[in-house]
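Enquirer: One structure coming up, written as structure tokens, with questions to follow.
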Amino acid sequence: MATPRPRPPARLAAAAAILVVVPLVAATQAATAAADTVSGRVTVTQVENARWPGGYQAEITVANGTGAPLSDWTVEFSLPEGAQVDQMWNASLDKSADGYTVTPPGWGATIPAGESYTFGYNGERSGRDTDFTACTVDGAPCSGHEYRQVGYFTQWGAADRGYLVQDLVESGQAERLTHLNYAFANLDEDGRCFMTDEEGRGDAHADYGEAYPAADSVDGVADTSKQRLRGNFNQLRELKERFPHLRVSIAIGGWAWSDHFSDAALPENREAAVESCVDMFLRGDLPELNGAGGKGAAAGLFDGIDLDWEWPATPGEPGNVVRPEDKENFTALVREFRDRLDALEREKGREFDLTAFVPASTGAIDAGYEVGKLADEFDFMNVQGYDFAGAWNPATGHQSNVRVPEDSPADAPRSYETVVQAYLDRGADPADLVMGVPFYGRGWTGVQPGPQGDGLWGEADGAAPGEWEPGFNDYKVLKDYAGSDGFELYRDDHAGTAWLYNGTEFWNFDDPTSIAQKAAWAREAGLSGVMSWSLDGDDARGSLVRAFDGELNGRG
């Protein structure tokens, strides 16, 4: 079971001398107010409060973040090799080959809503590490949000697709996500963050200028012309007030706006570039546009920065600036961001995330990423898990497969397994990685039946018509294709993917079943979660988000 690693690791200093160990005192039936409850969840934390040669003492706290008293609970945990429980008090303990199972003491220990219960133990150790290696409470992750569940919200979603921040609430997506990335912010020719309403370069009106009516607002209250923060940004602020667990980051770049990342990474530019982005989004100093903005207008809105440079030292969209030294400069740029965010954390007394979207192509990885060094600076990296195939290929294929299919042609070897292994081979740990899943499908037309008659690996004439662009359709569109216009649904459970074929058109896509298969693989591989591009491709009840949340956290 993968547990995201905190940055920096919080560890208690070892005791300098042998201590006289006294069992922790816990009142019967009760409980102290919990400082760190997770809304709607029961969580468990362990803190080592003393150690001596060959032994240590620890406290375990069960926090009840639900709205009802908790009278019956079960905590299962395991410890590192060389650490073991010797004597536990104020709880019942069973030991097995797999670890330990803890239940309330014989006299009971009801935990009121919003409060916690602490028990403890003396342990033996032969090494330094005594942290849980795995922990569940009533079968769910002890952290409440053990797995990172990341979704991208697109700036253009409201105008182009009618998908509002409010829809995150109504679909049930918001309560299931841990991180939300707002896509995208742009960089100018000097690599600095900027805002504009110039077509093709920015949409400040959508970001923080548009006044939302009450019917489209998260809190049901209309924006006014006097507000300094309106638009999507204000709706995100209202969303965070409703779901305080949700961390919101600004994503910089993307496919269309990575033009000047190389300029931002230059030694003479990177300090000012980083400062401009931190000031604009983390300090909230927005330019005054559309009657909104100003110093501090968005203060407190964003919890981090997500770097989406597509791709260092590798041509992406035509027009991108590319330099041979991008690889080393990107590492230096990331370190500049990390240093600046660390300083801001000390100033503000709160944590800020630094994350990235990284490619599936081994060539792009080797050209532009010092993976081991970057893994030390980022909180986590979102790995591209899609676009393995598309209408740019002469034959159909899987655009997002977990494993290489058993009948795969020799020229189609990519899969989640191969992509993640590329990062592990280059210095990342599994917990550094969040696996990307697509909320859309790729399509071909004029497709021959192929080897098995189901359209897979069949020669094609080109891109199938799509609602948004040729060869592309959202899940919410494709889910209605099965059984209509002659389309039949096919699956490869080994590959973790699905497709539709009607003798002419072929669509490879993900539905709740295949999304759950992908999430299960991410969990089993020790990754720290799942990322989705993009949330507006899901259906009205958030079926795809529910699928990976159900697989990772046991909820539907």
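Enquirer: Kindly evaluate TYR212 against the criterion of being crowded, with 21+ Cβ neighbours inside 10 Å and assigned to a helix (DSSP H, G or I).
Expert: The answer is no for TYR212.
Enquirer: Out of VAL404, VAL419, VAL434, report the one residue that is not aromatic (Phe, Trp, Tyr) and not assigned by TED's automatic domain parsing to the domain that holds LEU374.
Expert: After ruling out the rest, the residue left standing is VAL434.
Enquirer: Based on this model, can you work out whether ARG128 counts as under 26 Å from GLY385 (Cα atoms), modelled with pLDDT under 95 and of a type in the set (Lys, Arg)?
Expert: Spelling it out, it is not the case that ARG128 is under 26 Å from GLY385 (Cα atoms), modelled with pLDDT under 95 and of a type in the set (Lys, Arg).
Enquirer: Kindly indicate whether ARG491 is within 28 Å of the chain's Cα centre (by Cα) and free of Cβ contacts under 8 Å to residues at least 40 places away in the same chain.
Expert: yes
Enquirer: If I ask for residues that are under 28 Å from ARG414 (Cβ atoms), in contact with a strand residue (DSSP E or B) (Cβ under 6 Å, 6 or more places away or on another chain) and in contact (Cβ under 8 Å) with a residue 60 or more places away in the chain, which ones from region 327-382 would you list?
Expert: THR355, PHE357, VAL358, ASP379, PHE380, ASN382
Enquirer: Check region 293-308 and report whether any residue there is surrounded by fewer than 20 Cβ atoms within 10 Å (Cβ to Cβ) and modelled with pLDDT under 95.
Expert: Scanning region 293-308 turns up no residue that is surrounded by fewer than 20 Cβ atoms within 10 Å (Cβ to Cβ) and modelled with pLDDT under 95.
Enquirer: Tell me which of these ARG426 doesn't satisfy, since it passes every other one: (1) touching a residue at least 60 places away in the same chain (Cβ under 8 Å); (2) surrounded by fewer than 19 Cβ atoms within 10 Å (Cβ to Cβ); (3) more than 26 Å from the chain's Cα centre (by Cα).
Expert: Evaluating ARG426 over (1) touching a residue at least 60 places away in the same chain (Cβ under 8 Å); (2) surrounded by fewer than 19 Cβ atoms within 10 Å (Cβ to Cβ); (3) more than 26 Å from the chain's Cα centre (by Cα) leaves (3) as the failure.
Enquirer: Further question on the same structure: For region 176-183, does any single residue satisfy the condition of being surrounded by fewer than 20 Cβ atoms within 10 Å (Cβ to Cβ), among the small types (Gly, Ala, Ser) and either closer than 30 Å to ALA272 by Cα or at pLDDT below 95 (or both)?
Expert: no
Enquirer: Is it the case that ALA206 is farther than 22 Å from ASN320 by Cα, over 25 Å from the mean Cα position of the chain (by Cα) and of a type in the set (A, V, I, L, M)?
Expert: For ALA206, the condition - farther than 22 Å from ASN320 by Cα, over 25 Å from the mean Cα position of the chain (by Cα) and of a type in the set (A, V, I, L, M) - is not met.
Enquirer: Give the number of residues within region 165-175 that are assigned to a loop (DSSP other than H, G, I, E, B) and crowded, with 20+ Cβ neighbours inside 10 Å.
Expert: So the count comes out to 1.
Enquirer: Any idea which of (1) in contact with a helix residue (DSSP H, G or I) (Cβ under 7 Å, 6 or more places away or on another chain); (2) part of a loop (DSSP other than H, G, I, E, B) is the one TYR423 doesn't satisfy?
Expert: (2)
Enquirer: Just for strands (runs of 3 or more DSSP E) wholly inside region 454-556: which have at least 3 residues that are surrounded by fewer than 20 Cβ atoms within 10 Å (Cβ to Cβ) and not aliphatic (A, V, I, L, M)?
Expert: 488-492
The values are calculated or read from the model by the stated rules, or taken from the named source; none is laboratory data. Computed from a prediction, not measured in an experiment: that's the story for all the values here. Positions of Cβ are backbone-derived with ideal geometry, glycine not excepted, and every protein chain shown enters the neighbour counts.
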